[in-house]
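The values are calculated or read from the model by the stated rules, or taken from the named source; none is laboratory data. Keep in mind that what you see is a predicted model, and the values were worked out from it rather than measured. Backbone-built Cβ (ideal geometry, glycine too); neighbour counts: all protein chains shown. SASA here: full protein model, heavy atoms, side chains in, ligands and nucleic acids out. Shrake-Rupley method; radii C 1.70, N 1.55, O 1.52, S 1.80 Å.
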Amino acid sequence: MGKGQVRGTGGLRRGRPALMAVALVVTALTGAGQAAATAHPKVRAGLAGVISTVAGGVGGPGTATGVAMVPCGVSFADGHLYIGTGSAVRKMSTSSDRLTTAAGTGVTGQFGNGGPAAKASLNEACSAGADSSGNLLIADTDNEWIRVVAASTGSFYGQAMTSGHIYTAAGSGKGGFSGDGGPAISAKLNAPESMTVDGAGNLVIADTGNQRVRVVAATTGTFYGQAMTAGDIYTVAGTGAAGFSGDGGPATGAGLFDPYQVAVDGAGNLVVADLGNNRVRVVAASSGTFYGQAMTAGDIYTVAGTGAAGYSGDDGLATGAELNFPSGVAVDAAGNLVIADSANERVRVVAATTGAFYGQAMTAGGIYTVAGTGTAGFSGSGGAATSAELNDPSAVAVDGAGNLVIAETGNNRVRVVAASTGSFYGKAMHAGRIYALAGSGSTTFSGDSAAAASAELYEPSGVAVDGAGNLVIADTDNQRVRVVAASTGALFGQAMTTGHMYTIAGTGTLGFSGDGGPATSAELWGPSGVAVDGAGNVVITDSFNDRVRVVAATTGTFYGQPMITGDIYTVAGTGVLGFSGDGGPATGAELDRPSGVAVDGAGNLVIADTGNERIRVVAATTGTFYGQPMTAGDVYTVAGTGTAGFSGSGQPAIGAELNLPSGVAIDGTGNLVIADTENNRIRVVAASTGALYGQAMTTGHIYTVAGTGKRGASGDGGPGTSAQLAEPSGVAVDGAGNLVIADSFNDRIRVVAASAGSFYGQAMTAGDIYTVAGTSTQGFSGDGGPATGARLNEPSGVAVDGAGNLVIADTVSNRIREVTG
C-alpha cells in the first residue's frame, strides 16, 4: 500500500490521520516494570545494532491448513504445487501437508533482485511455475516483472544466476508497452497476470493490461509463425486494444479483453482465459483439428463461452455456454480444458475427447461442472465436489496425479478434488471428493500455540515487554492482543511454551463484548496500545471502543475492581466517543480514540487520548501527581487543551495545544514523554525543575525535545530540536535515559541521546538525534544485518527490554523486530 493511502481499522495513514482511521501507537515498559524486565527468549547475543524478526511473517513453515493466506493462483510444475498469495509464493510436495515459502517476504514491494528469493519483495504475484531446468518463474504482476528463482547456479535467460536467488526474466519494472523485437528485460509490461513455459522452453506471458499475449524466446527460431531471437520478446496475440474480434484469423490481429491466464496444451496450442470477453480462446500452434474445430497455425479461436456473462450450457457444446469471468485455465493429462469460472462459483471442464472424466461421461467439445454448486460459500469438504460451495475460485491447476487443485480466493483456502482414491498431500482422499488443502480460512491470523516466528500478525501497532521478559503485542487488525512467552509455564490462565505465541485477549471479531469474563472470549476493536503494570496486568487501549481495558495477570483488586486471572475489565471510558469526566471516576469518562498507554512509577495509567488532543491520567492512589491532587480511580488531563494545534512550549502542559498525540512513555525520573504526532515533535512534561535533555525545565511545563514541527527527515547527528520528524507515533525510554522514537512515516527508529556514549552501535552526543534502524525507504529487508541498513514499513510502536534491546512494531511488515542494544 503506497504512501497517502488509508489502511483498515487500527492502521496508520500516510498524511494527516483521520480520527476514524487512526491508531497511532506506542507502548513501552515504564517505571518499576522496565527496570525489572529481562530479555525475551528470541534475543540473540551479537553486535549492537543488528536487526532480526522475533514474531510474525509470512506464516509457516508448517501444516498448510494452519497458515493464513489469500490464494490467488495455483500451478503444478517440477513435481510441486505452487500457491501464489500476492506477496509470496508457497510450495507443497504432493506427499506432504507441509507448506514452505519459495519466494517472497509476505510484504509487498519491488525489491530483492539478485539476492535470496526468500528476502525479495513481490507485489501481487499469483502465477508461478517451473521451466525445464527447474527454475521457478513468477508473474510479479504489480511490479511489472516476470521473475525467476534459479534452481541451480548457471546461466538462464541470458543471465548468470546463483541458486536460490531471484532475477528478472522479463519486464523493466515500469508499466507500459514497449520492447517487441528487443530484449525482454528492457521491455515494458502492463500488469502481467500469469505466465507459462511451452514445449520449446519459451516463456509465454499474459500481458493483461496490454491486452496481449507475449512470448520470450528461449532459443533463436520460428515460433507461433514468427522468427524470434533468443531472449527477445514478441506479441503472439492481441492488438493492444481491449475488445473482442478476430476469431478465425491471425491472433496478432485479434482483440482480447484482459487475458488473465495462459496455458499450453499437449499440441503446443496457447490457451487463453480471455476474462473480459467471458471466453476461453486458443491460438493454434499448428494446423489441425483441436477442440472439435479445424484450426490454422497462428490463428485464434473461441473454444468456450458465448461472450455473454452468465451461467448456461452444461452438458452441451462449450462454445454455446455462458461463462462469467473465467479467470483461470489449465490443461489436464487427457487434454481437457479446466476453467475457473470464478463469478459462477464453479470449476468447469471442456472435454477434449469423448470419455469419462472427473466421474462424469463427457462428449468431445462439451462443457461440464466438476466442482461447485454456483452458490458462493464454503461447504462440502470431504464430500462430492459438485455439491460443495466455492467462493471466488480464481485459478486452477492439475497435479501429476490428475488431482484438480483450486485457489479459492474468497474462502482464503486452496482445495483439491481427488482424481482417484489414495493418499495425496499427506491426506487420505476419495475420488471425486473435495478437501481443504491449504489455508486456515483467515487472511492474516495464524500461529497461536506455535513458534512466534511462524505466526502471522496483521498490522501490529503496539509492543511491551513485561518484567519476566514476555513480549506483549497489540495485533491491531487481527483484533487481538497476543503474547510471546519468555518461559514455559502458566500465564493469563494459559499454559505457554517458551518462544511460542498465544492470544490473551480478543476473538478476532471486531466489536465490544466480554467485560468481566475471559479475555479470549471478548471482542476488541482496534487494540492499538499495550503496557504492563507492576502487577503484570496487561493494559490495552481498545481504541475504537473508546476504552482502556485490563487483562488481569492474577486474581486480586486492581484499579478499584476485583479481577480474576485471564479476565478482562474496562478501567477507563464509557464506550461513547467524546470528552467528559475529568475529576471523576475513569469508568464514567468519555474518551476519543485512545491510542497509546503507559504506566508510571506510581502505578498511574497515562493515556494518549488522541482524538481529544489530551494526555490523561487515571490515578492509582490518592495523592499529588503531575502537579495535581488526584483521587484513586479518577481521571485527569495533564497535557493538552482539547484544541488541535501547537502552542505552550515552556508553559504549563495543561495549557498547551497538542495535535493527535499518539504515544506516551515515562522516563526514569518520572518525566512524561509525548509523541505529538501531527506536530511532528516529541515533547516532554517535566516531573521536576532542572536540566533535562539539554534544556532548563520547570515542573509541569511542556518542552519540545525533538522535531522542528516541519515534516521531513533531516537532522541526524545534530540537535534533536533541529531535526525533522514525520508523524512520530511511538516513544520509549531506554535504561540509559535515551529517547527512542518510532518516526513512522520516515520508516525509521531514531534516538535522542540523553548523554554522550555509544548506543546501538553508534557514538552519540547528548541531545543529538540518530537513526538506529531503517533507511527511510519503505519496505521489509535487512534481517541479520545492521539495523541502519534495514527497511522498515511504518513502524508505530517501540519498547525496550531488560537487556536494552529495542523491540519494534514494524506495522505494515506485519512483524515484530528487534535491534540489539
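Which residue is farthest from the chain's Cα centre (by Cα), if the candidates are limited to segment 664-689 and must be open to solvent by 20 Å² or more (accessible area, probe 1.4 Å) and of a type in the set (S, T, N, Q)? Let's see the steps before the verdict.
Filtering segment 664-689 down to residues open to solvent by 20 Å² or more (accessible area, probe 1.4 Å) leaves 668-670, 678, 681, 687-689.
Restricting the remaining residues to those that are of a type in the set (S, T, N, Q) gives 669, 688-689.
Numbers: T669: 38, S688: 44, T689: 46 Å.
So the residue we want is T689.
Taking the options G154, G158, G181, name whichever one is in contact with a Pro (Cβ under 9 Å, 6 or more places away or on another chain) and either in contact (Cβ under 8 Å) with a residue 12 or more places away in the chain or farther than 22 Å from P259 by Cα (or both). Can you show your working first?
Working: G154 fails: in contact with a Pro (Cβ under 9 Å, 6 or more places away or on another chain); G181 fails: in contact with a Pro (Cβ under 9 Å, 6 or more places away or on another chain).
Of the residues listed, the single one that is in contact with a Pro (Cβ under 9 Å, 6 or more places away or on another chain) and either in contact (Cβ under 8 Å) with a residue 12 or more places away in the chain or farther than 22 Å from P259 by Cα (or both) is G158.
Checking L491 against (1) buried (at least 24 other Cβ atoms within 10 Å of the Cβ); (2) under 17 Å from V532 (Cβ atoms), which test does it fail?
Evaluating L491 over (1) buried (at least 24 other Cβ atoms within 10 Å of the Cβ); (2) under 17 Å from V532 (Cβ atoms) leaves (1) as the failure.
Taking A361 as meeting all but one of (1) under 23 Å from V262 (Cβ atoms); (2) part of a strand (DSSP E or B), write down the number of the exception.
Result: A361 passes all but (1).
Could you list, in sequence order, the residues of segment 578-605 that are surrounded by fewer than 18 Cβ atoms within 10 Å (Cβ to Cβ) and closer than 10 Å to D634 by Cα?
Correct list: D582, G583, G584, P585, G588.
May I ask you to list the residues in segment 554-577 that are part of a loop (DSSP other than H, G, I, E, B) and open to solvent by 20 Å² or more (accessible area, probe 1.4 Å)?
Taking segment 554-577 first, the residues part of a loop (DSSP other than H, G, I, E, B) are 554-555, 559-560, 564-566, 573-576.
Within segment 554-577, T554, T555, Y559, G560, I564, T565, T574, G575, V576 qualify.
Please go through segment 352-362 and give me each residue that is open to solvent by 30 Å² or more (accessible area, probe 1.4 Å) and not aliphatic (A, V, I, L, M), ordered by number.
Matches in segment 352-362: T353, T354, F357, Y358, G359, Q360.
Among the residues of segment 293-311, which ones are part of a strand (DSSP E or B) and surrounded by 15 or more Cβ atoms within 10 Å (Cβ to Cβ)? Write out each step before concluding.
Taking segment 293-311 as the starting set, the residues that turn out to be part of a strand (DSSP E or B) are 293-295, 299-304, 309.
Passing the criteria: Q293, M295, D299, I300, Y301, T302, V303, A304, A309.
Condition first: open to solvent by less than 10 Å² (accessible area, probe 1.4 Å) and assigned to a strand (DSSP E or B). Now tell me which residues in segment 337-351 satisfy that.
L337, V338, I339, A340, D341, V347, R348, V349, V350
Residue by residue through segment 244-290, note down the ones that are free of Cβ contacts under 8 Å to residues at least 24 places away in the same chain, open to solvent by less than 20 Å² (accessible area, probe 1.4 Å) and farther than 24 Å from T363 by Cβ.
Within segment 244-290, none qualify.
I205 versus (1) at pLDDT below 95; (2) assigned to a strand (DSSP E or B); (3) not polar (S, T, N, Q): which is the lone unmet condition?
Every listed condition holds for I205 apart from (1).
Could you list all residues from segment 436-465 that are open to solvent by less than 30 Å² (accessible area, probe 1.4 Å), in contact with a Ser or Thr (Cβ under 7 Å, 6 or more places away or on another chain) and part of a strand (DSSP E or B)?
A436, A438, S446, E456, G462, V463, A464
Taking segment 196-209, which residues are over 15 Å from G231 (Cα atoms), open to solvent by 10 Å² or more (accessible area, probe 1.4 Å) and not hydroxyl-bearing (S, T, Y)?
Once the filter is applied, which keeps residues that are over 15 Å from G231 (Cα atoms), open to solvent by 10 Å² or more (accessible area, probe 1.4 Å) and not hydroxyl-bearing (S, T, Y), segment 196-209 yields G199, G209.
Name the single residue that is nearest to V283 (Cα to Cα) among those in segment 186-202 being part of a strand (DSSP E or B) and among the polar types (S, T, N, Q).
Taking segment 186-202 as the starting set, the residues that turn out to be part of a strand (DSSP E or B) are 188, 192-197.
Narrowing the set further to residues that are among the polar types (S, T, N, Q) leaves 194, 196.
Values: S194: 16, T196: 14 Å.
Among those residues, the one meeting the criterion is T196.
Considering each of S755, S729 in turn, give the residue that is hydroxyl-bearing (S, T, Y) and surrounded by fewer than 24 Cβ atoms within 10 Å (Cβ to Cβ).
Details: S729 fails: surrounded by fewer than 24 Cβ atoms within 10 Å (Cβ to Cβ).
Matching residue, one of S755, S729: S755.
On the given criteria, is A170 farther than 14 Å from A88 by Cβ and hydrophobic (A, V, I, L, M, F, W, C)? Even if it seems obvious, please write down each step before you answer.
Details: farther than 14 Å from A88 by Cβ: yes; hydrophobic (A, V, I, L, M, F, W, C): yes.
Taking the combined requirement at face value, the residue satisfies it.
From D392, D314, which residue is open to solvent by 20 Å² or more (accessible area, probe 1.4 Å), in contact (Cβ under 8 Å) with a residue 12 or more places away in the chain and within 28 Å of the chain's Cα centre (by Cα)? I'd like the intermediate steps shown before the answer.
Numbers: D314 fails: within 28 Å of the chain's Cα centre (by Cα).
Of the residues listed, the single one that is open to solvent by 20 Å² or more (accessible area, probe 1.4 Å), in contact (Cβ under 8 Å) with a residue 12 or more places away in the chain and within 28 Å of the chain's Cα centre (by Cα) is D392.
Tell me, which strands (runs of 3 or more DSSP E) wholly within segment 63-181 include 1 or more residues that are modelled with pLDDT of 95 or more, within 22 Å of A217 (Cβ to Cβ) and under 18 Å from the mean Cα position of the chain (by Cα)? Explain how you work it out, then say what you get.
Working: elements: 73-77, 80-84, 89-93, 98-103, 125-130, 136-140, 145-149, 154-156, 159-161, 166-170.
Of the strands (runs of 3 or more DSSP E) lying wholly inside segment 63-181, those with at least 1 residues that are modelled with pLDDT of 95 or more, within 22 Å of A217 (Cβ to Cβ) and under 18 Å from the mean Cα position of the chain (by Cα) span 136-140.
Taking the condition of being polar (S, T, N, Q) and open to solvent by less than 30 Å² (accessible area, probe 1.4 Å), how many residues in segment 690-709 meet it? Before the answer, list the steps.
Our first condition is that a residue be polar (S, T, N, Q); within segment 690-709, this holds for 695, 698-699, 704, 708.
Within this subset, residues satisfying the condition of being open to solvent by less than 30 Å² (accessible area, probe 1.4 Å) are 704.
So the count comes out to 1.
Are any of the residues in segment 802-821 open to solvent by 20 Å² or more (accessible area, probe 1.4 Å), free of Cβ contacts under 8 Å to residues at least 60 places away in the same chain and of a type outside the set (G, A, S)?
no
Could you give me the residue pairs with C-beta distances under 6 Å whose first residue belongs to segment 358-375 and is over 22 Å from N403 (Cβ atoms) and without any contact (Cβ under 8 Å) to a residue 24 or more places away in the chain, whose second residue is assigned to a loop (DSSP other than H, G, I, E, B) and polar (S, T, N, Q) wherever it lies, and which are 6+ apart or on separate chains?
Note: pairs meeting the criteria are T363/T354.
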